[in-house]
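Novice: Dumping the structure here so I can ask a few things about it.
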Amino acid sequence: MRWSIGIATSLMLSFSAAMAAERWDLPMAYADSNYHTQNGKLFAEAVGVCTGGDLEIVVHGGGSLFKGNEIKRAVQTGQALIGERLLSAHQNENPLFGFDSVPFLASSFEASDRLWQAARDRLAEVLFEQNLILLYAVPWPPQGLYFNREIEGVPDMAGIKFRAYNAATAMMAELAGMVPVQIEAAELSQALATGVAEAFASSAATGYDRKVWEHLSHFYDVQGWLPRNYVFVNRDAFEALDDHARNCLRACALLAEAAGTTRARELADWYRAQLAANGMIVLSPDPQLAEDLAVIGAAMSSVWSELAGPDAAAILEAFESE
Ligand code: PCA
């Protein structure tokens with residue numbers, strides 16, 4: 001009798017464990033209103049619908065749960081089970097993560113998509129070894145340069161304090177004779193207001209989100225590269241899900257990548273127009289500036305190929321052959 005009650009109880013327990021809804025917090029580093037964050041919320045909603053509420057994902061934008069530079073480690077160690085981060089922020093750890101931040105390698109949405117297809121499988125392998133499952137990635141609009149005055153060429157940049165968001169932007173600053181300082185987008189406005197930074201490279205999206213016109217005057221639309229945010233899951237947590245929930249995550253990720261990328265394309269011109277509408281001078285670089293930046297880009301491209309070795313060679317070959 002006791003025995004059968006014991007079995008019945010454990011059956012009920014395992015039944016309820018299988019059905020128990022899980023709640024995953026999804027930390028993100030960028031503004032709540034930004035399209036990456038909004039797209040992440042739609043992804044979370046879609047996963048909820050697909051799993052019939054068994055997997056609830058709750059997005060926390062603006063670095064409110066973990067700051068940008070804490071998110072990857074938090075997910076690797078299971079403090080959060082899913083997260084979004086700027087991929088190239090990890091390029092110090094492995095140069096592969098910087099494939100999307102090589103200036104002028106892929107500077108249109110179309111080229112950025114091809115580069116992503118060339119890199120994603122290798123990236124997923126490296127992440128897997130780090131206890132992470134790659135779900136999807138969405139690009140930022142093309143990167144330009146923000147300054148508080150007119151810049152005709154690299155010599156005009158000497159000594160400027162330049163906000164960097166990864167190793168590539170720090171290297172670019174150094175090659176241009178500027179002084180790099182690493183700052184998260186969430187802290188950018190404050191850094192500009194206090195003079196900790198006087199210039200930076202980013203998309204018109206981040207300039208808009210941070211109301212950069214309150215501090216800086218010029219946006220040079222150099223269209224250098226399109227870095228990506230990616231969304232990833234703790235591998236142990238992923239593997240503990242049932243097949244259906246895993247399929248939901250994969251399917252919703254495919255949709256989120258397509259929807260987020262489309263949104264970025266649609267918004268790129270609008271963001272740039274907002275900078276101008278708020279009083280910034282938005283312009284294409286003069287030939288001298290373009291030439292100086294091309295020289296820096298070429299140097300950075302060789303450094304990256306060297307550092308990322310066989311991974312770089314495989315990615316570039318796949319990219320160029322498509
Ligand atoms: N915005 C992010 C990264 C690239 C971008 O466009 C930032 O400035 O932090």
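Novice: Isolated Cys in the chain by the 4.7 Å beta carbon test?
Specialist: By the Cβ distance rule, which asks for a partner under 4.7 Å, the isolated cysteines are Cys252.
Novice: Straight-line reach from Lys211: which lysines fall under 20 Å, measuring Cα to Cα and dropping same-chain residues less than 8 apart?
Specialist: Straight-line reach from Lys211, under 20 Å: Lys161.
Novice: Let me ask something else about it. Give me the number: length gained by fully extending Asn247 to Gln79, i.e. 0.36 nm times residue separation minus the C-alpha to C-alpha distance, one decimal in nm.
Specialist: On the way: separation 168, 0.36 × 168 = 60.48 nm, distance 2.32 nm.
Working it through step by step, the gained length comes to 58.2 nm.
Novice: A follow-up question, please. Relative to the longest principal axis of the C-alpha atoms of the chain, give the angle of the C-alpha long axis of helix 109-129, reported between 0 and 90° and rounded to the nearest 10°.
Specialist: 50
Novice: Apply the Karplus curve 6.51 cos²θ - 1.76 cosθ + 1.60, θ = phi - 60°, to the phi angles in segment 233-248 and return the couplings in whole Hz, x for Gly and Pro.
Specialist: Result, rounded to whole Hz: 10, 4, 5, 4, 5, 4, 6, 7, 6, 6, 4, 4, 5, 5, 4, 4.
Novice: Mind ranking 135-144, 179-188 by how tightly packed they are, going by the mean number of other C-beta atoms within 10 angstrom, highest first?
Specialist: Top of the packing list down: 135-144, 179-188.
Novice: Express in nm, to one decimal, how much length is gained between Glu306 and Gln182 on full extension, taking 0.36 nm for each residue of separation and deducting their alpha carbon distance. Could you put the intermediate results ahead of the total?
Specialist: Working: separation 124, 0.36 × 124 = 44.64 nm, distance 2.36 nm.
Using 0.36 nm per residue and subtracting the Cα-Cα distance, I get 42.3 nm.
Novice: Still on this structure, I have one more. Could you state the accessible area per residue of the chain in Å², with a 1.4 Å probe and every protein chain left in place?
Specialist: On the way: 14190 Å² over 322 residues.
Result: 44 Å² of accessible area for each residue.
Novice: A follow-up question, please. Report the calculated FRET efficiency for Ala158 and Ser284 (r = Cβ-Cβ distance, R0 = 25 Å), to the nearest 0.05. Walk me through the numbers on the way to the answer.
Specialist: On the way: r = 22 Å, r/R0 = 0.90.
In this case the efficiency is close to 0.65.
Novice: What's the extension gain from Ala273 to Glu150 if we count 0.36 nm per residue and subtract their Cα-Cα distance? Don't skip to the end; give the middle numbers.
Specialist: On the way: separation 123, 0.36 × 123 = 44.28 nm, distance 1.90 nm.
In short, 42.4 nm is gained.
Novice: Something else: State the antiparallel share, in %, of DSSP beta bridges confined to the chain, rounding to the nearest 5.
Specialist: On the way: 18 of 33 bridges.
Of all bridge pairs located within the chain, approximately 55 percent are antiparallel.
Novice: Let me ask something else about it. With everything on Cα atoms, drop me the angle between helix 2-19 and the longest principal axis of the chain, reported from 0 to 90° to the nearest 10.
Specialist: 20
Novice: Which percent of the accessible area of segment 17-129 is formed by carbon and sulfur heavy atoms (probe 1.4 angstrom)?
Specialist: On the way: 2240 of 4570 Å².
Roughly 49 percent of what the probe reaches on segment 17-129 is carbon or sulfur.
Novice: Sorted from largest down, what three extents in whole angstroms do the Cα atoms of segment 216-322 have along their principal axes?
Specialist: The Cα atoms of segment 216-322 stretch 57, 40, 27 Å along the principal axes, largest first.
Novice: Which value in deg cm²/dmol, rounded to the nearest 500, describes the helix-derived mean residue ellipticity at 222 nm for the chain, given -39,500 (n - 2.57) per DSSP H run of n ≥ 4 and division by the residue count? Don't skip to the end; give the middle numbers.
Specialist: Working: 10 runs with 159 residues, N = 322.
The per-residue figure over the chain is -16500 deg cm²/dmol.
The values are calculated or read from the model by the stated rules, or taken from the named source; none is laboratory data. Quick caveat: nothing in here was measured; it's all calculated off a predicted structure. No Cβ is skipped: glycine too gets one built from the backbone with ideal geometry, and neighbour counts run over all protein chains shown. Heads up: the accessible areas ignore ligands, DNA and RNA and are worked out on the full protein's heavy atoms, side chains in. Shrake-Rupley method; radii C 1.70, N 1.55, O 1.52, S 1.80 Å.
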